[in-house]
Structures are given as C-alpha cells and as structure tokens.
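*Asks:* Handing you this structure, nothing more for now.
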Amino acid sequence: MKKIVIFGGGSGLSQILSGLKLFPVDVTAVVSVSDNGRSTGRLRKDYNIPAVGDISKVLISMADCNSEVRELMNYRFTKSKSLGNHSIKNLLLTALLDIKGNFDSALPILTDLLDIKGTILPLTEDNVDLVAKTCDGKTLVGEEQITKTKKIIERIEYSKEIEVNPKVLEAVKKADLIIFSAGSLITSIIPHLLNNKLNSAIKNSHASTMYICNLFTQPGETDNFKVSDHIKLLEEYLGKNSIDIVIANNVKMNSNLLKKYLTEEQKDQVELDLENLIKMKKIVIADKLFKIEDNFYRHDALKTAYVIFSYLMDGDKNDIHD
C-alpha cells in the first residue's frame, strides 16, 4: 500500500483527510500544534500543553464512527460559563494529555476509540507559539493574533526552537508522496517548514512533493496571490524547486456566496496562472475542486482525494494536466 504523509492543520487538512480515508492508501497526517485561539488557547494556558484543537479535528475527520458519535465529539458546552465553550473532543484529548503526559501516549487511545485506520502525529510535543514579522516592522505573537491582522506578513518563526517528532521524520523517510494540504498558508502549512531537520528530511526523501492550493486568498497572508505565488512562498521556506506537483481549482465561481467572500471577508478566488507554473516546471493537475457545504466554499473532499490517488497510482511526472 502506498504511503502518504500530509502536513497541515485546521479545517483545510480535516476536509482533505475526510476524502483520503476512503481510498486504499496508508495516510500519516502531521498536524501543527501552535494554535492559541478560543477553546484551544484557554486549554493551553490552563494545562501548559501544545494546542489540541487541530489534532482533535483531524481525529474526527479520520474516524470511522457513526453520526451520533461524531455529533457527540463535536458538541460544545455553549450554555456553561464554567465549561467555557469547550468541545468534547478537545476536553478528551486534554484529559489524556494530562494523564499520559504527551501526545505519543495519548493519541493511540483516541485512535482506537474512534477506529482510525491512518496515523495522526503532532509536528512536535513542544508548547510553542508562532511569531510573525509584519511589513511595517511589527511583531505578532500567537496564531490567533497573526490570523486577525490585516497587515502583510513578511516572515514567520517559532517563539523557540522546536524538536520535531521523530515519528514524523521516520514517516517522511518512508513516504511515497508528501502533501502540503489546503489551509492557511502562514499559520497551518509553513509552521511545518520552520525546522531545518524536517526540511532536510523532506528534500532528501524519494517521495514526490505535492501542494493542494487554496480556493481563496487570505487577508494579510496571501492578498492577490495566484497559484504560483503560493508555491513561491512555500519554497522560500522549503527551498527552490522543492514542490513537484500542484493541485488547483480551474473553474470560476459565481454565486451570492462568492460576493459575500469578496465584500465581507476580502477574500478573492485564487487564479490558476498555468503559464507561470509551466515556466516553474511544476506538474499541474487542475479540475473543478470546490463545492458549497454549510454555506461555505470547501474543497470537494472525495474528488480531491481521487485526484491525489490517481496521481499516486499513475506516477506520471512528465505531463501537465489541465
């Protein structure tokens, strides 16, 4: 069975994994653990632990459980001040971290409980924050603060040097395909590329590297970015010519929901600039990859996973697909 290692965090990674789990591949999801917002942020402060929110989302997306269990795990205590709007899944993972002392011992328990077939690994066991430098010289500490700013981010780093989970390095070494998921480029994907040891492992791997491009730009992070700009930013951290394949949407959206994205959130649809990508010698796999779900544009999880699986099986590195 082919081995995939996919890096990401938050809803973007969870959406892609919900499709990938349906295909006969061995998936290892590597999740960033530096979020400091909302429920996760408060649990971090109370228990001095890495962020649990993104990992708990990934757990549910990869779980083979019925809708009632899924609903229970996602339940939030919205009516209780003392329980602080925490979700069941966040509280369970926090409790296991408090009992076991680390993700390495805690995650297998929830993996068994939720009948997860793949592997979920935190990028690190370290309790760290993201730090961003803005175009006007300001320093922002914390993922939540970085996400909320409208200023252009020039550089991202950690508050201290991290030790990458050794199991992540081992998974990269054995991978047939390494994927950087859709999701916030600055706060979900690039945090995986801030460690020289991991970057070297990725570049020295025999696996091809793939990026699933976002559907929309993000204010302050990727304003006016085309698909090629996303690749260029990733390669600023990982190294030039380090991304082999890009999966991107090539169908224009047109709906009242799109107008809401543009006017209320200042998010534009990412343009596929095929000519630039060809000049960069990237393999481009383009298709209609979006759907509207719960009044949000999201990647079509099943179709995107099928595209990934098809590439993995074909292994064709010479053609540009459009």
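Each value in this text was obtained by applying a stated rule to the coordinates, not by laboratory testing. Remember, it's a predicted structure, so these values are computed and weren't measured experimentally. Every residue, glycine as well, gets a Cβ built from its backbone with ideal geometry; the counts of neighbours run over all protein chains shown.
*Asks:* Counting Lys +1, Arg +1, Asp -1, Glu -1, what net charge surrounds Val58 among other residues with beta carbon under 11 Å of its beta carbon?
*Replies:* Here the charged neighbours net out to +2.
*Asks:* What number, in percent, do you get for the relative contact order of the chain if the mean sequence gap of Cα pairs under 8 Å and at least 6 apart is divided by its residue count?
*Replies:* Relative contact order for the chain comes out at 19 percent.
*Asks:* Going by how many other Cβ atoms sit within 10 Å of their own, how do Glu125, Glu264 line up, fewest first?
*Replies:* Ranking Glu125, Glu264 by Cβ neighbours within 10 Å, fewest first, gives Glu264, Glu125.
*Asks:* Quote the FRET efficiency, to the nearest 0.05, computed for Asp136 versus Glu161 with a Förster distance R0 of 25 Å and r equal to the Cβ-Cβ distance.
*Replies:* 0.40
*Asks:* Work through the residues other than Val251 whose Cβ is under 9 Å from its Cβ and net out their charges, Lys, Arg +1 and Asp, Glu -1. Provide the component values of the computation, followed by the final result.
*Replies:* Numbers: positive: Lys252, Lys288; negative: Asp287.
Charge balance in the 9 Å sphere: +1.
*Asks:* Can you sort Lys150, Lys89 so the residue with the fewest Cβ neighbours within 10 Å comes first?
*Replies:* With the sparsest Cβ surroundings first, the list reads Lys150, Lys89.
*Asks:* Given the rule -39500 (n - 2.57) for each run of at least 4 DSSP H residues, summed and divided by the residues of the chain, what is its mean residue ellipticity at 222 nm, to the nearest 500 deg cm²/dmol?
*Replies:* -11500 deg cm²/dmol
*Asks:* Also: Would you kindly state how much longer the chain becomes between Thr149 and Asp314 on full extension, computed as 0.36 nm times their sequence separation minus their alpha carbon distance, in nm to one decimal?
*Replies:* 55.2 nm
*Asks:* Just flag the trypsin sites (Lys or Arg not before Pro) in region 208-243 sitting in loop per DSSP whose Cβ has no more than 14 other Cβ atoms within 10 Å.
*Replies:* Counting only loop positions with at most 14 other Cβ atoms within 10 Å, the trypsin sites (Lys or Arg not before Pro) in region 208-243 are Lys240.
*Asks:* When a footprinting reagent is the concern and you count Cβ atoms within 10 Å, what order do Leu302, Leu107 take, fewest first? Can you show the working numbers first?
*Replies:* Numbers: Leu302 14, Leu107 21.
The order, fewest Cβ neighbours first, is Leu302, Leu107.
*Asks:* Give me the percent relative contact order of region 90-205, please, defined on Cα pairs under 8 angstrom at least 6 residues apart.
*Replies:* 21 percent
*Asks:* Share of Cα-Cα pairs in the chain beyond 33 Å, in percent?
*Replies:* Details: 10947 of 51681 pairs.
The answer is 21 percent, as a whole percent.
*Asks:* Does region 126-280 come out rounded, prolate or oblate by the C-alpha gyration tensor, with a ≥ b ≥ c the root eigenvalues, rounded set by a/c under 1.5 and, if not, prolate when a/b is larger than b/c and oblate if not?
*Replies:* Oblate is the answer for region 126-280, as a/c is 1.5 or above yet b/c matches or exceeds a/b.
*Asks:* Please give the net charge around Ala106, taking every other residue with its beta carbon less than 13 angstrom from that of Ala106, where Lys and Arg add +1 and Asp and Glu add -1. Spell out each step's value before the answer.
*Replies:* Details: positive: Lys89, Lys100; negative: Asp98, Asp104, Asp112, Glu125.
Summing Lys/Arg as +1 and Asp/Glu as -1 gives -2.
*Asks:* Okay, next question. Mind giving me the nanometre distance, one decimal, between the label points for Lys303 and Asp26, set 7 Å out from Cα along Cα→Cβ?
*Replies:* 3.1 nm
*Asks:* Evaluate the charge dipole of the chain about its Cα centre and quote only its size in Debye, nearest 20, assuming +1 on the Cβ of each Lys and Arg and -1 on the Cβ of each Asp and Glu.
*Replies:* Dipole about the Cα centre, nearest 20: 360 debye.
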